[in-house]
Amino acid sequence: MTTIVSLDIETTGLDEERDSIIEIAAVKFNGRRVEGEFNTLVNPGKHIPDFITGLTGIDDAMVRQAPRLRDVAHELTAFVGDAPILGHNVKFDVGFLRKAGLFEYQQTLDTYELASVLLPAASRYNLGALGKQLGIPLPATHRALDDARVCHVSYLRLLELAAELPLETLQEIVELGNFVDWDSGWVFEQALSARVKQGIKPKRTTRASSRKPAFDSTSRADAPPITRTEEPVPLDPEYVASVLEYGGPLLAVF
């Protein structure tokens, strides 16, 4: 398997232009094996709002003697190295870090995005709710290290769910992912690779003759041949939403 770093930050607010990081944590792992952990409070150079203190338990006194982000940047980048960065709504975390010039070209993986595909009927996708739905005993506490740990275990469970998909569906997701800029497509590639190494073949059922591909309502015979185009054709957001929404074609394969 590949080494990945689960990363989480806590901040003074949601706006990366006005707010600042107050805690960073990262868990480096290869499958279930944890290779190392990084955790530090960060002095934001400003008052931590009462709401954030109530949410995280981090107050001004706790960060007064903490290092500034620039003082821990080298240690953090050395810890992460070239590994893909995993997060829950990872764009939020890397957005703050990229503003500081860190991890500008790092591959990212998002458990929120994976959960929205693999658990389309879930009522909520925040990290705490996801952990409970996946049966993970670790708490998501809005402290960076706790949440990075939950994100790590959630990723492993979601990877297992991806590997349990019908082989035809998994292949189709990987093929469709080749046509879009979708980092999480890499996860389905890993799941498909694991299935191939295990020599697992598509399951046969008594109703196989009546089953249709998840993303194609036309027969293979009627479909036009696939040709390469010079200019990529943009996806139709409404069509993609209809595929992923509750009751859509993707849910039918679970």
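The values are calculated or read from the model by the stated rules, or taken from the named source; none is laboratory data. Fair warning: this is a prediction, and the values are worked out from it, not measured in the lab. Every residue, glycine among them, receives a Cβ derived from its backbone with ideal geometry; neighbour counts consider all protein chains shown.
Structural remarks
- Scanning the range 134-175 for residues that are in contact with a helix residue (DSSP H, G or I) (Cβ under 8 Å, 6 or more places away or on another chain), among the polar types (S, T, N, Q) and surrounded by 19 or more Cβ atoms within 10 Å (Cβ to Cβ) turns up just one, Ser154.
- Any hit, the range 187-195, residues being among the aromatic types (Phe, Trp, Tyr), in contact (Cβ under 8 Å) with a residue 40 or more places away in the chain, touching a helix residue (DSSP H, G or I) at 6+ places or on another chain (Cβ under 8 Å) and under 16 Å from Thr111 (Cα atoms): no
- Filter result for Gly131 (at negative phi, surrounded by 15 or more Cβ atoms within 10 Å (Cβ to Cβ) and at pLDDT below 95): yes
- For Ser193: the one exception among (1) over 29 Å from Leu235 (Cα atoms); (2) exposed (fewer than 15 other Cβ atoms within 10 Å of the Cβ); (3) modelled with pLDDT of 85 or more: (1)
- Only one entry of Glu160, Glu175 meets the criterion of being farther than 19 Å from Gly131 by Cβ and either among the acidic types (Asp, Glu) or in contact with a Gly (Cβ under 7 Å, 6 or more places away or on another chain) (or both), and that entry is Glu175.
- Among the residues of the range 23-53, those identified as crowded, with 16+ Cβ neighbours inside 10 Å, aliphatic (A, V, I, L, M) and within 22 Å of the chain's Cα centre (by Cα) are Ile24, Ala25, Ala26, Val27.
Every residue, every condition in (1) in contact with a strand residue (DSSP E or B) (Cβ under 9 Å, 6 or more places away or on another chain); (2) assigned by TED's automatic domain parsing to the domain that holds Leu69; (3) free of Cβ contacts under 8 Å to residues at least 40 places away in the same chain, yes or no:
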{"residue": "Gly101", "(1), (2), (3)": "no, yes, yes"}
{"residue": "Leu109", "(1), (2), (3)": "yes, yes, no"}
{"residue": "Val117", "(1), (2), (3)": "no, yes, no"}
{"residue": "Ala121", "(1), (2), (3)": "no, yes, no"}
{"residue": "Asn126", "(1), (2), (3)": "no, yes, yes"}
{"residue": "Ala129", "(1), (2), (3)": "no, yes, yes"}
{"residue": "Gln133", "(1), (2), (3)": "no, yes, yes"}
{"residue": "His142", "(1), (2), (3)": "yes, yes, no"}
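- Pair list, Cβ < 6 Å and 6+ apart or interchain, from the range 1-14 residues that are assigned by TED's automatic domain parsing to the domain that holds Ala144 to residues that are hydroxyl-bearing (Ser, Thr, Tyr): Glu10/Thr56; Thr12/Ser20
- Top-ranked residue of the range 85-101 - restricted to ones that are over 17 Å from Gly13 (Cα atoms) and surrounded by 18 or more Cβ atoms within 10 Å (Cβ to Cβ), ranked as farthest from the chain's Cα centre (by Cα): Ile85
- Helices (runs of 4 or more DSSP H) fully within the range 111-189 that include at least 3 residues being more than 19 Å from Ile85 (Cβ to Cβ): 127-133, 144-163, 167-177.
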